[in-house]
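Scroll down for the structure; my scribbles are underneath it.
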Amino acid sequence: MSSSTDGATQVRDTTGLAAALEAVLFTLNRAVTVLELQDILQSPLPDIEAAAASLSDALLGRGLFLQRHQDQLQLVTDPGQSDVVRRVLRPEYPSRLSPAAYETLAIIAYRQPLTRARIEEIRGVNCEAVLESLEEKGLITETGRLDTPGTPRLFGTTMKFLQILGLRSLDELPPSPQSDSTSS
Amino acid sequence: MSPEITAELERDPVYLVRTPAFDGPIELLLTLAQRAEVDLKAIPLAGLTDDYLRAIEQDHPPLDRLAAFLVIGARLVQLKAAGLMPQATVGEEEDLQAWEDAIKGRLEEYKRFKELADSLMRRHASGRFTFAGLLEPDVIPQARVQVSLDAVASAFRQVLDRLPPADQVTVEMEHVSLAEKLEELRQMLARQAQLNFSAIFRHARTRLEAVVTFLALLELIRIGEARVAQVSAFGEITVHRQERKEAE
């Protein structure tokens, strides 16, 4: 370990930055936004992105897993290790949801961010109760408000949504045959 | 409506409209109304549907006929409503086609999401979760993993759940004194500086006894002779003997 530079404006290569990223995510032990990481790691966004990709690759086949939900990153256990982790943790995870809940989750996951009105248009029924329950379980959250009369809430999925499905990112969702991301 | 359906309807009308302004098959009424060759304002649609409801009760027409009437009826209502509102314009055949396509599109969209929902459900059911790490108690000062009152209360609720429910009330003179329980707990802690929360209630035979034991524990905590701790999240709560700090 060299300590020749005093660290403040040290230029790190991607591997070095990936290691620093790993250390930060391990100690913070929560979802961290790339914006926060730019500040913590004193590096510009493209470098953070490269480091995240490098760390994600380096973790393949290991017990840990780099999860990404939009602009948030979190170090979690690999889905392949869920049995052993559950044995030690005995955690409370949302068990089976209702068919209506999965439907609503699917619509939100593929079309986010979107309003309750749009969800109800697709499902053809009132979704107030099911949205409330999904929000309470931490699987969806308000991501903003639409700039139209009444400023309706916009819904999106959360990190926890990825966690109960063991997905690396939203890109790993089964492909939607035909997605028009323009409507909201 | 597709041409085949229209052709079939013409051979065998869904319903015959008999009003002073129009007399003939309802399909023809729709076609003429769309071309603005019939004034819908002169035709009481409510009366028309009432008549049809009566016809349903008498003849029990097959489901496809009912559906056809519904589609035509809805379109007539839409046209009439549009006619009553001066600004609104109602499109011609292409518009009807677009309207049909929109409905078909919506059904397909819903079906697609239903399939996606099934795949999410299967994925969730496979239990391949990911987990964030838990805080390691050695690293975090003991003060930060102090047990909350809620955790103690819920542990106590678990103790109560194991004891027989208080459904049948047999009134027996039962005497459990707080002072006795306090003394008992003190002795337990004197023998063993650290006890499991559940161990304290091992000898409780009734809910009353458990309640009094719990009160005694709270009292010991209050006066500083015991404290409770939880070594790890989801772990057992332990009760520790503590030297009482004299004189505040």
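The values are calculated or read from the model by the stated rules, or taken from the named source; none is laboratory data. Since we're looking at a predicted model, the values are computed, not measured. Here Cβ is always computed from backbone atoms with ideal geometry, including for glycine, and neighbour counts include all displayed protein chains.
Part of a helix (DSSP H, G or I) and within 14 Å of the chain's Cα centre (by Cα): does that describe A:ILE164?
On the way: part of a helix (DSSP H, G or I): yes; within 14 Å of the chain's Cα centre (by Cα): yes.
So A:ILE164 fits the description; yes.
Does A:GLY138 count as surrounded by fewer than 17 Cβ atoms within 10 Å (Cβ to Cβ), on the phi > 0 side of the Ramachandran plot and over 21 Å from the mean Cα position of the chain (by Cα)?
no
Check A:THR104 against each of (1) in contact with a Cys (Cβ under 8 Å, 6 or more places away or on another chain); (2) modelled with pLDDT under 90 and name the one condition it does not meet.
(2)
Can you tell me which condition A:SER95 does not meet? The list is (1) small (Gly, Ala, Ser); (2) more than 7 Å from every other protein chain (Cβ to nearest Cβ); (3) in contact (Cβ under 8 Å) with a residue 24 or more places away in the chain, and all the others hold.
A:SER95 satisfies all of (1) small (Gly, Ala, Ser); (2) more than 7 Å from every other protein chain (Cβ to nearest Cβ); (3) in contact (Cβ under 8 Å) with a residue 24 or more places away in the chain except (3).
Could you look through region A:141-161, keep only residues that are β-branched (Val, Ile, Thr) and in contact (Cβ under 8 Å) with a residue 60 or more places away in the chain, and pick out the one that is surrounded by the most Cβ atoms within 10 Å (Cβ to Cβ)?
A:THR157
All but one of (1) among the aliphatic types (A, V, I, L, M); (2) over 16 Å from the mean Cα position of the chain (by Cα); (3) more than 9 Å from chain B (Cβ to nearest Cβ) hold for A:LEU35, so report the exception by its number.
With respect to (1) among the aliphatic types (A, V, I, L, M); (2) over 16 Å from the mean Cα position of the chain (by Cα); (3) more than 9 Å from chain B (Cβ to nearest Cβ), A:LEU35 is out only on (2).
Within region A:71-91, which residues are more than 9 Å from every other protein chain (Cβ to nearest Cβ) and either among the aliphatic types (A, V, I, L, M) or loosely packed, with under 15 Cβ neighbours inside 10 Å (or both)?
Hits for region A:71-91 are A:ASP71, A:LEU73, A:VAL84, A:ARG87, A:VAL88.
Looking at this structure, is A:GLY150 assigned to a strand (DSSP E or B), away from every other protein chain (no Cβ under 12 Å) and of a type in the set (Gly, Ala, Ser)? Show your work before the answer.
Values: assigned to a strand (DSSP E or B): no; away from every other protein chain (no Cβ under 12 Å): yes; of a type in the set (Gly, Ala, Ser): yes.
No: the conditions fail for A:GLY150.
Assigned to a helix (DSSP H, G or I), closer than 18 Å to B:ASP118 by Cα, at the interface with another protein chain (Cβ under 9 Å from one of its Cβ atoms) and within 13 Å of the chain's Cα centre (by Cα): is that true of A:LEU105 in this structure?
Judged against the criteria, A:LEU105 is not a match.
In the set B:THR170, B:THR206, B:THR238, B:THR213, which member is farther than 30 Å from A:ARG96 by Cβ and modelled with pLDDT under 80?
B:THR170
Looking at A:LEU114, is it touching a residue at least 24 places away in the same chain (Cβ under 8 Å) and more than 13 Å from chain B (Cβ to nearest Cβ)?
Taking the combined requirement at face value, the residue does not satisfy it.
Given B:ARG227, B:ARG191, B:ARG222, which one is basic (Lys, Arg), in contact with a strand residue (DSSP E or B) (Cβ under 9 Å, 6 or more places away or on another chain) and at pLDDT 85 or above?
Exactly one of B:ARG227, B:ARG191, B:ARG222 is basic (Lys, Arg), in contact with a strand residue (DSSP E or B) (Cβ under 9 Å, 6 or more places away or on another chain) and at pLDDT 85 or above, namely B:ARG227.
So which of B:LEU107, B:LEU96 is within 14 Å of another protein chain (Cβ to nearest Cβ) and either at pLDDT 80 or above or within 39 Å of the chain's Cα centre (by Cα) (or both)?
None of the others qualify; the one that does is B:LEU107.
Starting from region B:193-219, keep only residues that are free of Cβ contacts under 8 Å to residues at least 60 places away in the same chain and over 17 Å from B:ASP161 (Cβ atoms), then list their pairs with residues that are basic (Lys, Arg) and surrounded by 14 or more Cβ atoms within 10 Å (Cβ to Cβ) whose Cβ atoms are within a distance under 7 Å, requiring at least 6 positions of separation or different chains.
From residues that are free of Cβ contacts under 8 Å to residues at least 60 places away in the same chain and over 17 Å from B:ASP161 (Cβ atoms), the pairs are B:ALA193/B:ARG241; B:VAL212/B:LYS181; B:ALA216/B:LYS181.
For region A:159-178: of the residues being under 19 Å from A:ALA52 (Cα atoms) and among the polar types (S, T, N, Q), which is nearest to the other protein chains (Cβ to nearest Cβ)? Break it down stepwise before answering.
As a first pass, look at region A:159-178 and keep what is under 19 Å from A:ALA52 (Cα atoms): A:159, A:162-163, A:166-172.
With among the polar types (S, T, N, Q) added as a condition, the list becomes A:163, A:169.
Details: A:GLN163: 5, A:SER169: 12 Å.
Top of the filtered list is A:GLN163.
What is the residue count in region A:117-135 for residues that are more than 14 Å from chain B (Cβ to nearest Cβ) and either buried (at least 18 other Cβ atoms within 10 Å of the Cβ) or assigned to a loop (DSSP other than H, G, I, E, B) (or both)?
Within region A:117-135, residues that are more than 14 Å from chain B (Cβ to nearest Cβ) and either buried (at least 18 other Cβ atoms within 10 Å of the Cβ) or assigned to a loop (DSSP other than H, G, I, E, B) (or both) number 2.
Farther than 28 Å from B:GLY133 by Cβ and either modelled with pLDDT under 95 or acidic (Asp, Glu) (or both): which single residue out of A:LEU97, A:LEU146 fits that description?
Of the residues listed, the single one that is farther than 28 Å from B:GLY133 by Cβ and either modelled with pLDDT under 95 or acidic (Asp, Glu) (or both) is A:LEU146.
Can you name every residue in region B:194-216 that is of a type outside the set (S, T, N, Q) and in contact with a strand residue (DSSP E or B) (Cβ under 7 Å, 6 or more places away or on another chain)? Break it down into steps so the answer makes sense when it comes.
Taking region B:194-216 first, the residues of a type outside the set (S, T, N, Q) are B:195, B:197, B:199-205, B:207-212, B:214-216.
The answer is B:LEU195, B:PHE197, B:ILE200.
Checking the structure you have, find out if any residue of region A:64-76 is among the charged types (D, E, K, R), assigned to a helix (DSSP H, G or I) and at pLDDT 90 or above.
Checking region A:64-76: not a single residue is among the charged types (D, E, K, R), assigned to a helix (DSSP H, G or I) and at pLDDT 90 or above.
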